[in-house]
1. Of SER164, VAL183, LEU206, which is farthest on the positive side of the dipole of the stretch 161-211, counting Cα position, with +1 on Lys and Arg Cβ, -1 on Asp and Glu Cβ, and the Cα centre as origin?
2. Of the candidates VAL211, VAL196, VAL149, which one comes out as most mobile in a Gaussian network treatment of the chain with C-alpha springs shorter than 10 Å?
3. How big is the charge dipole of the stretch 6-117 about its Cα centre, in debye rounded to the nearest 20, if each Lys and Arg gets +1 on its Cβ and each Asp and Glu gets -1 on its Cβ?
4. Is it possible to state the helix-based mean residue ellipticity at 222 nm for the chain, with each DSSP H run of 4+ residues giving -39500 (n - 2.57), the sum divided by total residues, to the nearest 500 deg cm²/dmol? What is it?
5. Taking every DSSP beta bridge that has both residues in the chain, what percent is antiparallel when rounded to the nearest 5?
6. What trypsin sites (Lys or Arg not before Pro) in the stretch 293-327 are in a loop by DSSP, with at most 13 other Cβ atoms within 10 Å of the Cβ?
7. For the stretch 187-329, which whole percent of the accessible surface, found with a 1.4 angstrom probe, sits on carbon and sulfur atoms?
8. Give me the net charge for the shell around LYS31: Cβ to Cβ below 11 angstrom, other residues only, Lys and Arg +1, Asp and Glu -1.
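The values are calculated or read from the model by the stated rules, or taken from the named source; none is laboratory data. What you see is a predicted model; the values in this text were computed from it and never measured. Note: ideal-geometry Cβ built from the backbone for every residue, glycine included; neighbour counts use all protein chains shown. Accessible surface areas use protein heavy atoms only, side chains included; no ligands, DNA or RNA. Shrake-Rupley method; radii C 1.70, N 1.55, O 1.52, S 1.80 Å.
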Amino acid sequence: MFELGLTLGKFAPFHRGHQYLVEQALKQVKKLVILVYPCEELSDIVVAERVKWIQALYPETEVIIAHDGPMTTGYSDEIIEQQNGYLKQRLAAYQFDVFFSSEPYGEHVSEALSCTDVRIDQARLAVPISATKIRNEWNKYQHYLDPLVKLSMLQKIVLLGAPSTGKSTLAAHLAERLGTVCVPEYGREYWLEHQVERRLTAKQLLHIAKVQEQWEVDYAANARDYLICDTNAFTTWHFALHYHSNALPELADMAERCWQRYDLVVLCDDDIPYDDTWERSGDANRAEFQQFNRDYLAKHQIPHMVVSGRVEQRAAKVLAQVERMRPKS
């Protein structure tokens, strides 16, 4: 067992092959440092996002960003000297025992850092994939991504609206048109099973928001380019205010941060007939909820679009906007 290990890369995106390398390295060291190169010239995936993936999947590692790292790659003497010089300067505070890689540069990096050279799956037999393949042929190789990674590479569309504004109908329609999946509304089925006198507790509402966000990760595994989300933490927070006049701090924080998760926010208008089913609270309640949505989005300057009319009209407006959204892959 080594004390301190190092691996490095661009991780754009961070795929199953990278995970295999990290997991094999973790079996051999007490602590692993991962150096991440920005390489924004190769990918739209910013380095901060790649760091988040690694920290979420492997919180026991230490992740360092090579903000000022050399951009040139290759095996000429000049490039090797430049790369090694940077590593020795950037990592001067560390005394590594081992350098893990799946590339030929393992030899010169380990020599420069005076540590053991360990290659893992250099022939790509255990996990036959590369980041270049994924970037070039996303639809063919996206299954080599952890759902957490894949989620952030999808264009995420969230639908908002008071009860009976057609969110679920539009969500299903959009998913079909875009050939992807829709994340259903967990809170609805939970409410039907657990409500007491048409109310849920503050803790139950927090539970709903957490599961809803986890469902986004889970459903991302089967999504294709886009992920349609039937609701979000903001809606659950709004119900907490409706039930209890306040919300647990964690739920309030989730509601405030949730907008960062989505690339397009769609507010479904309340111009369609109210569907007066037993679990709903009436058309007046719908109007109140809808006005709250409008006011909040305006006050907090959250970019969004409003869709009205029949489902086909609503979908056409959303799809027109989607055409202008460049796939992240």
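1. LEU206
2. VAL196
3. Charge dipole of the stretch 6-117: 500 debye, to the nearest 20.
4. About -14000 deg cm²/dmol.
5. Working: 2 of 33 bridges.
Taking every DSSP beta bridge within the chain, about 5 percent pair in antiparallel fashion.
6. Qualifying residues, ordered by number: ARG310, ARG324.
7. So the carbon and sulfur contribution to the accessible surface is 49 percent.
8. -3
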